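Heads up, the thing below is written out as structure tokens.
The values are calculated or read from the model by the stated rules, or taken from the named source; none is laboratory data. No experiment lies behind these values; they were computed from the predicted model shown. When we count neighbours, we look across all protein chains shown, and the Cβ atoms used for this are built from the backbone with ideal geometry, even at glycine.
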Amino acid sequence: MKKRLVAVLMALSLGLSLAVTGCGQAASSSNVIKIGFIGPLTGDVKTFGQSTQNAFNLAIKEAGGKVGDYTIQTFSADDANDATQAVNVATQLITQDHVAAIVGSVTSKATLPIAQVANDNKVVLITPTATATNVTVDNGARKDYVFRACFIDPFQGQVAAQFATQNLKAKTAAIMYDQTNPYSKGLAGTFSDNFAKDGGKVLSDEAYSTTDTDFSAVLTTIAQLKPDILYLPDYYNKVSLIGKQARAKGIKATFMGGDGWDSSQLDFATMDGGYFTNHYSADDPRPEVQKWVADYKAAYGATPDALATLAYDATNLLLNAIRTAGSNDPTKIRDAMQATKDFPVVSGKITFDQNGNPIKAAVVLEIKGGKEVYAATVQP
């Protein structure tokens, strides 16, 4: 108890919001598997962190708090979508709490640095939702202990461009992206390249910073260009702000974006008629999807967003690897995770490629009548 109190006090002294659960003393270390969760439970994208934590907890609860012969001990930490804080809490989970594996984080900005920390310390990390390519690789070199449950940005950008040209028959596009956010910047680049390959023309490609709130000058220029598509690959709070200012400037382009739109706090009225790429649809009739939606609703009183779904999938992928390995040794868990093939989760059957990325389909959703409506499925 004294050691636990010291750990908590150290976290508070660092300005961290660290919640620790499952800390009972009944089980010996030999039959315990320690698993950490990291997500933005506070800060600018806190709805993402809250829904992913809910899903993580639900998966552990459904497992009965055990996996194979091991009792699960969980540790939950808040990175506030800040890279420095993410490194601090990841370091604490690894060096003080001695976790064998981590589920997290949510955004690429926070996940990129902790992926390196986990890999350097030979601790398994699976991110539910960080889509930047270099989360699992570094200059082409595989980070052997790092995996993800989501598809990567190049595929998401390709799907958006394909849908824009083939389904929406778009000929022209303008792009606005956050140059300080690897997720936003990566999606913008892959959309631009693929839109051009598919016969479209990018009329404007504009960068901004995370702290920017007034986009008048850029939007005035875009209004004069009259693009068919305004591609906004950023998180729900920023795209809602840009979208509102764009409509005020008379821009009639169809808004498009990525999975960062998926939040109950998106401005649905402003973004009505827009489309975004995502990992699953709650309207999917597959029994496993409908059971997941019903179970999450029963537990939390809301429909699970894609981020919750991917966190649930990521946690179950990890539990399956631990069960398959029959060990709490991170290296053996890593090996079992890499060998995963056709494992059924809510978002589809998962097989990991050589870079720890799942081979899976994407869906496109439309914002229509104040809700997200399924539009299409695109296979890899």
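General observations
- One residue from Lys238, Lys252, Lys244 being within 23 Å of Thr129 (Cβ to Cβ), out of contact with any Lys or Arg (no Cβ under 7 Å at 6 or more places or on another chain) and either part of a helix (DSSP H, G or I) or among the basic types (Lys, Arg) (or both): Lys238
Table: residues versus (1) under 16 Å from His279 (Cβ atoms); (2) without any contact (Cβ under 8 Å) to a residue 60 or more places away in the chain; (3) touching a Ser or Thr at 6+ places or on another chain (Cβ under 6 Å); (4) not in a helix (DSSP H, G or I).
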site	(1), (2), (3), (4)
Leu93	no, yes, no, no
Val99	no, no, no, yes
Ser105	no, no, yes, yes
Thr111	yes, yes, yes, no
Gln116	no, yes, no, no
Phe155	yes, no, no, no
Phe163	yes, no, no, no
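- Considering residues of the stretch 263-278 that are closer than 20 Å to Gln166 by Cα and of a type outside the set (Val, Ile, Thr) only, the residue surrounded by the fewest Cβ atoms within 10 Å (Cβ to Cβ): Gly273
Okay, residues lined up against (1) surrounded by fewer than 23 Cβ atoms within 10 Å (Cβ to Cβ); (2) among the small types (Gly, Ala, Ser):
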{"site": "Phe191", "(1), (2)": "no, no"}
{"site": "Ser204", "(1), (2)": "yes, yes"}
{"site": "Asp214", "(1), (2)": "yes, no"}
{"site": "Gln224", "(1), (2)": "yes, no"}
{"site": "Ile229", "(1), (2)": "no, no"}
{"site": "Leu232", "(1), (2)": "no, no"}
{"site": "Ala246", "(1), (2)": "no, yes"}
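- Looking across the stretch 130-146, just one residue is assigned to a strand (DSSP E or B) and surrounded by 22 or more Cβ atoms within 10 Å (Cβ to Cβ), and that is Val146.
- Residues (over 18 Å from the mean Cα position of the chain (by Cα) and either within 22 Å of Lys341 (Cα to Cα) or among the hydroxyl-bearing types (Ser, Thr, Tyr) (or both)) located in the stretch 297-319: Tyr300, Leu319
- In the set Ala149, Ala173, only one residue is under 24 Å from Lys238 (Cα atoms), crowded, with 22+ Cβ neighbours inside 10 Å and modelled with pLDDT of 95 or more; that residue is Ala173.
- Single residue of the stretch 339-356 satisfying the filter (out of contact with any Asp or Glu (no Cβ under 8 Å at 6 or more places or on another chain) and farther than 12 Å from Ala149 by Cβ) that is surrounded by the most Cβ atoms within 10 Å (Cβ to Cβ): Asn355
- Any helices (runs of 4 or more DSSP H) falling wholly within the stretch 272-380 and containing at least 1 residues that are assigned by TED's automatic domain parsing to the domain that holds Phe37, in contact with a Cys (Cβ under 7 Å, 6 or more places away or on another chain) and touching a residue at least 24 places away in the same chain (Cβ under 8 Å): 306-325
- One residue from Gln53, Gln73 being in the same structural domain as Val106 (by TED's automatic domain parsing) and over 17 Å from Pro128 (Cα atoms): Gln73
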